[in-house]
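Peer 1: Just passing along the structure, written as structure tokens.
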Amino acid sequence: MKTRLSLSQKASLLSLGLFALILLVWYLATLPDARVAAVNVDPEYAALMGGGAASSASSFPTPLAMAQTMWERLSDPFYDNGPNDKGIGIQLAYSLARVLGGFFLAAAVAIPLGFAIGNSRVFYQALNPYVQLLKPISPLAWMPLALYTIKDASASAIFVIFICSLWPMLINTAHGVANVRRDWLDVARTLEVNPLRKAFRVILPAAAPTILTGMRISMGIAWLVIVAAEMLVGGTGIGYFVWNEWNNLSITNVLFAILMIGVVGMALDSIFGVLSKRVAYQE
Amino acid sequence: MSAIPPFLQVENLARAYPSPTGGEAITVFDHVNFHIHKGEFICVTGHSGCGKSTILNILAGLDAATTGNVFMDGREVAGPSLDRGVIFQSHALMPWLSVLENVSFAVKSRWASWNKQKVRDHAMRYIELVGLMGAEHKKPSQLSGGMKQRVGIARAFSIEPKMLLMDEPFGALDALTRGVIQDELLKICAETQQTVFMITHDVDEAILLSDKIMLMSNGPHARIAEIVNNGLPRPRERSAIHKQPHYYPIRNHLVDFLVSRSKQFGALRDAPDAPSSPTVFDPADLLVPEPPVVHTPPVGKPHIHLVNA
């Protein structure tokens, strides 16, 4: 029995072990402890809460209760029982639609503008102060202004995503375009390549890895920001769902939502990981 | 001779750069005059900093002269043109394109109206010419340094330029690979009657390939100090060229120049700005008849030396 495990096999084993450990700690931490509860709880309060106070330790779900909730929610993700009770799939779809809308709007602005900035020193120096000033502003700070001018909650959320996705893509595109190797541009010049063909056949592929890195960072930020934005604007989306379940004091649902946010974020990032590999080149 | 106007005419070329300390501009070279006839192979050599590459870039249209003019085929050179192919020292292949795509990109730039098949066939002809058949779908990162430079050569020849400019094309290659590619270049140039302007630091390379060798003095105020007519008979063989009676006189002349005479020009002259004309060295003028082959190099000792700055 001396079979050697490969690196990835060892890693998976360790991952599984960690998962088991987390479950164990979770299980032990949420064990109902009736004796301690009975001693510490004021009887009047206990009467008021109808037994809920005594089992306060268990308002944090046990792993088993969590698994049950997950199963229920995931087996019917698209139900719609009115504004306060929609399936997780519907909520995530709302969030994704806003993120993608804002993200692609930002890409449509940032990539051409980044090209212009990267190609021209004048443009770069003229626009740099604006970029430096606007970049550090928290996207949520734009929310009141967006609500005031756009007068639509959902569109304001898209605007906030747009604003937060803009900067990484703009800066990376400009950087990638400005740092295209001189040799390749010289080749294009000696071959009398027209500007449009040069942009699409030389500069774009040369800068693509940097541009895609910017898009990946933007997408990551957009997915972070949408949760907070939806908590503010309310109505639909995964952020609203988290806040709504918090108001319902359903920690199980909050935990479930947190997990789903992580899964979707990971999926979005891995899409960009695949795209990055596609455009990467080795010098 | 003077009835035919030269193919390429360079008149009083000078290039100055603003001084980094803000003082007087630094003149790298000035009063550079030369001409190249159609089908000639010209090598330029000189120490680093004499402005060889700058002259090449001006001929390519990638750089602009401070004063002076360049005329090719009766028209002034102003900006890059498909009429002048450039082979870069760093090969400058686009790493995201395959060998075939790199060459096709150039072909498509030259003949925009050609269809896909015609572009491909034309590109493949030149890939075959440099001996890269079978590697056409590889990416540059999968090729050795010598193979990459061959792609660069194929790309430059594929647009059938009126003139080829090469900036130390083989400088980054090992001696063995360099020899093989030199032989191929010699063959291709003989076939295509290509006019070539080439910068090299390698004296033997210059003698093997060129019809004329221009020697540049050291900068600042560098200029073409001497021109050596290299009349060694063609076709030339790398393995036998050193047995030619005029080989060693030329070689000695070049090495002497690089080692000592190149310093006597340039800024050290009494009047650095004064125009001067290059002296011409032609081994055919040598009165001493060469003794029959005496220079058999000892076995095992390499007879290709690099004279680098």
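The values are calculated or read from the model by the stated rules, or taken from the named source; none is laboratory data. Note that the coordinates shown come from a computational prediction; the quantities given were computed from them, not determined experimentally. Glycine gets a Cβ as well: all are built from the backbone with ideal geometry, and neighbour counts include every protein chain shown. Remember, those area values only see protein heavy atoms, side chains included, never the ligands or the DNA or RNA. Shrake-Rupley method; radii C 1.70, N 1.55, O 1.52, S 1.80 Å.
Peer 1: Given springs between every Cα pair under 10 Å in a Gaussian network model of chain B, which of B:Asn115, B:Asn102, B:Asn230 has the largest fluctuation?
Peer 2: Looking only at B:Asn115, B:Asn102, B:Asn230, the biggest GNM fluctuation is shown by B:Asn115.
Peer 1: Mind scanning B:Lys162/B:Lys263; B:Lys118/B:Lys212; A:Lys277/B:Lys148; A:Lys277/B:Lys118; B:Lys148/B:Lys187 and naming the pairs with a C-alpha gap bigger than 28 Å? Write down the numbers at each step before the final one.
Peer 2: Details: B:Lys162/B:Lys263 35 Å; B:Lys118/B:Lys212 37 Å; A:Lys277/B:Lys148 23 Å; A:Lys277/B:Lys118 32 Å; B:Lys148/B:Lys187 19 Å.
Table pairs above 28 Å Cα-Cα are B:Lys162/B:Lys263; B:Lys118/B:Lys212; A:Lys277/B:Lys118.
Peer 1: Compute a Gaussian network model of chain B, connecting alpha carbons closer than 10 Å, and tell me which residue from B:Ile87, B:Ile26, B:Ile227 fluctuates the most.
Peer 2: Most flexible of the set in this elastic network: B:Ile26.
Peer 1: Here's something else I'd like to know. Quickly estimate the mean residue ellipticity at 222 nm for chain A, helices only: each DSSP H run with n ≥ 4 gives -39500 (n - 2.57), and the total goes over all residues, rounded to 500.
Peer 2: Taken over chain A, the calculation gives -25000 deg cm²/dmol.
Peer 1: Given a 1.4 Å probe, how much area per residue of segment B:114-188 is accessible, in Å²?
Peer 2: The answer is 42 Å² per residue.
Peer 1: Starting from the Cα gyration tensor of segment B:113-182, take the square roots of the eigenvalues, sort them a ≥ b ≥ c, and report rounded, prolate or oblate (rounded when a/c is under 1.5, otherwise prolate if a/b is larger than b/c, else oblate). If you can, show how the numbers build up before the last one.
Peer 2: On the way: a/c = 2.44, a/b = 1.46, b/c = 1.68.
It comes out oblate by the Cα gyration axes.
Peer 1: Further question: So what is the calculated 222 nm ellipticity per residue for chain B, using -39500 (n - 2.57) for each DSSP H run with n of 4 or more, over all residues, to the nearest 500 deg cm²/dmol?
Peer 2: Theoretical 222 nm ellipticity from helices: -9000 deg cm²/dmol.
Peer 1: If you line up the long axis of helix A:88-119 against the longest principal axis of chain A, both from Cα atoms, how many degrees apart are they, to the nearest 10?
Peer 2: On a 0 to 90 degree scale, this one is about 20.
Peer 1: While we're on this one: Within 10 Å of each Cβ of B:148-157, how many other protein chain Cβ atoms are there on average?
Peer 2: Counting other chains' Cβ atoms within 10 Å and averaging over B:148-157 gives 1.
Peer 1: Now for a separate question. Please compute, for peptide B:200-206, the average count of beta-carbon atoms on other protein chains lying within 10 Å of each residue's beta-carbon.
Peer 2: 0
Peer 1: Report Rg(Cα)/(2.2 N^0.38 Å) for the protein assembly as shown, keeping two decimals.
Peer 2: 1.45
Peer 1: Can I ask one more? Check the straight Cα-Cα distances from B:Lys139 and name the aspartates and glutamates below 12 Å, setting aside those fewer than 8 residues away within the same chain.
Peer 2: Filter leaves A:Glu283, B:Glu101.
Peer 1: Another one. No solvent, one uniform scatterer per C-alpha: report log10 I(q)/I(0) for segment A:88-279 via the Debye equation at q = 0.17 1/Å, two decimals.
Peer 2: Per q value, in the given order, log10 I(q)/I(0) is -1.07.
Peer 1: Measure off 7 Å from each Cα along the Cα-to-Cβ vector at B:Ser141 and A:Arg197, then give the distance between these two points in nanometres to one decimal.
Peer 2: According to this spin-label approximation, the distance is 2.7 nm.
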